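This report refers to the structure that appears directly beneath it.
The values are calculated or read from the model by the stated rules, or taken from the named source; none is laboratory data. Computed from a predicted model, the values in this text were never measured in an experiment. FYI the Cβ positions are ideal-geometry reconstructions off the backbone, even for glycines, and counts take in every protein chain you see. Please note that ligands, DNA and RNA were not included when accessible areas were found on the heavy atoms of the full protein model with its side chains. Shrake-Rupley method; radii C 1.70, N 1.55, O 1.52, S 1.80 Å.
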Amino acid sequence: MLDAFAQFFRDLAADAPRWNFIFFYSEKQAGMVLSGLWMTIQLAAACLLFSVAIGIAGAAMQGAHSRLLRALVAGYIQFFRNTPPFVQLLFFYFALGRLTPTYSPDGWLEVPIVSNVGWAIISLSFFAGAFNVEIFRAGVEAVPKSTQEAAHSLGFTRLQTYRYIVLPLALRVSIPALNNNLVNLVKTTTQAFVIAVPELLYESITIWNDYPSAQNPMMLVLFVIYLALVGLVVMGMNRWERAMRIPGYGG
Amino acid sequence: MNGNGWTPDRPIVSLKDVHKSFGSLQVLKGISLDVMKGEVVCIIGPSGSGKSTLIRCINALNDIQQGSITVEGQEVHDPKLDKLALRKKVGMVFQQYNLFPHKTALQNVMMAPLLVLKRNREEVERRARALLAKVRLQGKEDSYPGELSGGQQQRVAIARSLAMNPGVMLFDEVTAALDPETVKEVLVTIKELAGEGMTCILVTHEMGFARELADRIYFTDKGVIVEHGPPATFFDRAKDPRTREFLSQIL
Ligand SMILES: Nc1ncnc2c1ncn2[C@@H]1O[C@H](COP(=O)(O)OP(=O)(O)O)[C@@H](O)[C@H]1O
Ligand SMILES: [Mg+2]
């Protein structure tokens with residue numbers, strides 16, 4: 001059965017030289033696609049998590065008393081929102097990567113403590129995080145002052161008010177915008193390609209460099225997989241939105 | 001009972017020459033009033049005369065520029081004040097209820113005792129259920145604020161304040177946003193509270209209620225107390241022409 005499947009694509013590649021679905025009959029390329037996909041998933045999941053954490057922390061800092069703290073966050077947003085993520089990746093990896101210490105596991109090779117994957121996660125998280133700060137800030141601003149005053153008058157500290165009242169309400173308001181940004185983030189992980197992170201795009205290009213006949217099929221694979229990944233994210237977010245819905249509240 | 005040596009023969013709430021401005025707008029221009037434990041005091045006056053501001057200063061939601069406010073002998077506007085200690089003593093109910101929309105009625109009542117007083121959950125829940133029963137909301141424990149009528153929400157808000165066991169309750173036009181039919185259910189609740197000896201300071205436009213329940217009535221206009229006295233004297237033998245004019249409009 002599987003043999004017939006592989007044979008079909010082997011024959012197809014022979015008959016139609018532009019449609020070499022090499023990953024369907026060659027284990028090596030199949031492995032490359034899968035490991036690229038796995039890297040993309042890990043990259044996206046890590047960046048999703050960190051960028052949301054950055055967004056929450058940043059929005060909280062924007063409400064802080066300290067003017068310095070607020071200016072710092074504002075500067076961060078300006079930088080990461082207004083420069084290309086592609087350039088940010090290069091900057092993190094080549095400029096900052098050179099400054100970080102290295103270690104030597106075998107006494108020969110010098111390995112930087114932050115790998116290119118590490119830099120991609122850091123860089124992309126800060127990139128998406130900058131948008132998330134703005135998204136959460138808008139959410140926080142939508143929480144009525146009077147609701148917060150009620151919490152204060154019950155003796156809640158500022159932190160408790162933020163954690164138990166402001167944040168849960170702000171999150172609900174933020175979900176649609178967050179949804180968009182996280183979809184963008186999943187797509188932007190492809191740019192980690194530029195610092196040789198072996199994610200899906202990187203592996204795909206490697207395959208079609210070795211086998212130009214596999215270029216069309218690889219592009220097809222890229223489209224199909226990203227459609228599926230983004231679809232998953234959107235589905236998850238919609239499910240979350242539904243779970244967070246408060247009876248009798250909002251739309 | 002209390003580190004300040006406060007005893008119940010002294011006013012539980014005392015304002016002396018309180019001045020408050022928002023920027024250049026002078027809202028309170030020398031307010032003095034004393035409330036003894038167990039007293040019910042009503043504040044009436046035209047819209048914009050500073051009633052809300054006055055009541056908000058008592059639990060430090062607003063700061064003051066001059067004068068002094070003490071609650072159980074503790075200076076409210078002492079910069080070293082532990083606001084938490086103050087807010088344990090003073091409960092506040094707002095015109096717009098200001099419930100936490102993402103929490104059920106029961107959770108609204110339980111939150112502050114759990115988070116602020118760090119009480120044990122079972123005990124808090126038992127008391128919260130008892131308080132909701134007291135304000136006649138048995139069976140509504142698991143409803144969200146958005147599923148309750150205005151009058152029901154306001155009674156949850158009262159129960160939520162009572163859960164902190166305050167020595168004084170502040171009510172800021174708590175029936176002003178309600179349908180005429182539901183005003184009564186909230187007034188009944190407040191009346192029961194007053195009957196149990198709770199110290200209450202109410203801003204209200206319900207003159208019948210004030211006449212029946214208040215020990216004293218204060219009339220404010222343009223940031224000063226024009227006149228005050230027990231209801232009988234106040235309503236029937238007001239001296240100041242401003243009071244008489246206000247009463248003639250409202251009665
Ligand atoms: N936070 C604020 N900032 C600026 N002005 C305010 C603020 N709160 C109240 N005021 C002003 O103070 C005056 C008194 O308001 P308020 O105490 O709410 O009156 P009342 O409750 O008697 O209607 C009004 O002129 C109002 O516009
Ligand atoms: Mg008011």
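For the set B:Leu137, A:Leu201, the ranking by accessible area, highest first and with no ligand, DNA or RNA atoms included, is A:Leu201, B:Leu137 under a 1.4 Å probe. Rounded, prolate or oblate: pick one for chain B, where a ≥ b ≥ c are the square roots of the eigenvalues of its C-alpha gyration tensor, a/c under 1.5 means rounded, and failing that, prolate if a/b is larger than b/c, else oblate. Oblate, because a/c is 1.5 or more while a/b does not exceed b/c. When the solvent-accessible area of the protein assembly as shown is split by element, carbon and sulfur atoms take up 58 percent of it, the probe being 1.4 Å. Given axes a ≥ b ≥ c from the Cα gyration tensor, I'd like to know whether the protein assembly as shown is rounded (a/c under 1.5), prolate (a/b larger than b/c) or oblate. It is prolate, given that a/c is not under 1.5 and a/b is the larger ratio. What chain A shows is 53 Å² of accessible area per residue, with the surface traced by a 1.4 Å probe over protein heavy atoms. Fully extending the segment from A:Arg245 to A:Leu159, taken as 0.36 nm per residue of separation minus the present Cα-Cα distance, adds 28.6 nm. The alpha carbon centroids of segment A:123-191 and segment B:1-67 are separated by 36 Å. Summed over both chains, the area buried between A and B is near 1900 Å², taken from the accessible surface of protein heavy atoms with a 1.4 Å probe. A DSSP coil position with no more than 12 other Cβ atoms inside 10 Å describes the following trypsin sites (Lys or Arg not before Pro) in segment B:108-175: B:Lys118.
The loop-placed trypsin sites (Lys or Arg not before Pro) in segment A:152-251, going by DSSP, that have at most 15 neighbouring Cβ atoms within 10 Å of their Cβ come out as A:Arg245. Only helices enter the 222 nm calculation for chain A: every DSSP H run of n ≥ 4 contributes -39,500 (n - 2.57), and dividing by all residues gives -23500 deg cm²/dmol, rounded to 500.
The order of B:Lys37, B:Lys20 by accessible area, most exposed first and with a 1.4 Å probe, is B:Lys37, B:Lys20. The charge dipole of segment B:1-140, taken about the Cα centre with unit charges on the Cβ atoms of Lys, Arg (+1) and Asp, Glu (-1), comes to about 640 debye, rounded to the nearest 20. Summing charges over neighbours of A:Met235, with a neighbour being any other residue whose Cβ is under 14 Å away from its Cβ, gives +1 when K and R count +1 and D and E count -1. Counted as membrane-span-like here are DSSP H helices of chain A whose alpha-carbon atoms extend 30 Å or more along the helix's own axis and whose Kyte-Doolittle mean is -0.5 or above; these are A:27-62, A:116-141, A:215-244. Per-residue shielding of A:143-153, expressed as the average number of other chain Cβ atoms within 10 Å of the residue Cβ, stands at 6. Cross-link check: pairs A:Lys145/B:Lys83; B:Lys51/B:Lys222; B:Lys29/B:Lys88; B:Lys37/B:Lys89; B:Lys103/B:Lys140 evaluated at a Cα-Cα cut-off of 20 Å; pairs beyond the cut-off: B:Lys29/B:Lys88.
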